[in-house]
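Engineer: So that we are looking at the same thing, I have put the structure below in structure tokens.
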Amino acid sequence: MLKKLYDRTMLLADHPKALWILALMSFAESSFFPIPPDVLLIPIILAAPTRAWRIALVCSVASVLGGIFGYIIGAYFFDVVGQPIVDFYHLQSQFERFSGLYNEYGAVIVSVAGFSPIPYKVFTIASGVTNLDLTTFIIASAVSRSARFFLVAALLWKYGTPIREFIEKHLAKLSLLFCIILVGMFVLLKYI
């Protein structure tokens with residue numbers, strides 16, 4: 001079943017509208033959607049390695065725009081929309097702690113969150129709630145999100161075929177490892 005899903009994702013990754021779907025997913029992930037765009041970014045680049053840089057650029061721009069939407073949610077709609085998102089991820093206490101640090105360390109916090117696999121949307125919303133300077137937020141987001149997605153693109157562009165063969169050979173193990181890391185990140189965030 002996992003192999004069929006992988007094969008289907010690889011076929012869809014070469015679809016003419018795949019880049020639009022990636023942009024939509026990247027936008028949504030930065031503000032409310034739980035699945036990171038890497039899930040689609042990686043197969044799209046593997047399917048079209050000559051377009052790796054364009055794909056990373058689209059993913060980066062859409063992510064920053066989605067981050068601005070998350071900022072707007074935090075600044076203007078936190079009680080209605082933002083709080084349920086934070087509650088969904090059970091990150092209330094972490095959200096309050098991080099919000100208190102924004103006045104002093106906002107650019108660093110956004111940069112680290114934008115590059116790491118932790119839920120970036122929590123930080124985009126927190127930036128709006130705490131009224132982090134919007135220019136600072138956009139610059140930190142653009143640098144960190146671009147660094148993340150262009151790093152993935154560079155690795156896949158350079159080592160695409162061996163990585164694709166490795167993924168196809170060890171798909172079940174890699175999926176299990178990914179799930180363990182994902183759950184571990186949520187557990188870690190809950191107890192930080």
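The values are calculated or read from the model by the stated rules, or taken from the named source; none is laboratory data. In this text, all values refer to a predicted model and were calculated from it rather than measured experimentally. In this analysis, Cβ positions are derived from the backbone assuming ideal geometry, glycine residues included, and neighbour counts consider all displayed protein chains.
For (1) at pLDDT 85 or above; (2) in contact with a Lys or Arg (Cβ under 6 Å, 6 or more places away or on another chain); (3) buried (at least 19 other Cβ atoms within 10 Å of the Cβ); (4) small (Gly, Ala, Ser), each residue gets a yes or a no:
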site	(1), (2), (3), (4)
Leu11	no, no, no, no
Phe27	yes, no, yes, no
Ile45	yes, no, yes, no
Thr50	yes, no, no, no
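Engineer: To continue, here is another question. Let me confirm something: among Val80, Val58, which residue is at pLDDT 85 or above, surrounded by fewer than 23 Cβ atoms within 10 Å (Cβ to Cβ) and β-branched (Val, Ile, Thr)?
Structural biologist: Val58
Engineer: Please enumerate the residues belonging to region 38-82 that are among the small types (Gly, Ala, Ser) and in a helix (DSSP H, G or I).
Structural biologist: Ala47, Ala52, Ala56, Ser60, Ala62, Ser63, Gly66, Gly67, Gly70, Gly74, Ala75, Gly82
Engineer: Of the residues that sit in region 84-122 and are closer than 21 Å to Ser26 by Cα and among the polar types (S, T, N, Q), which one is surrounded by the most Cβ atoms within 10 Å (Cβ to Cβ)?
Structural biologist: Top of the filtered list is Ser111.
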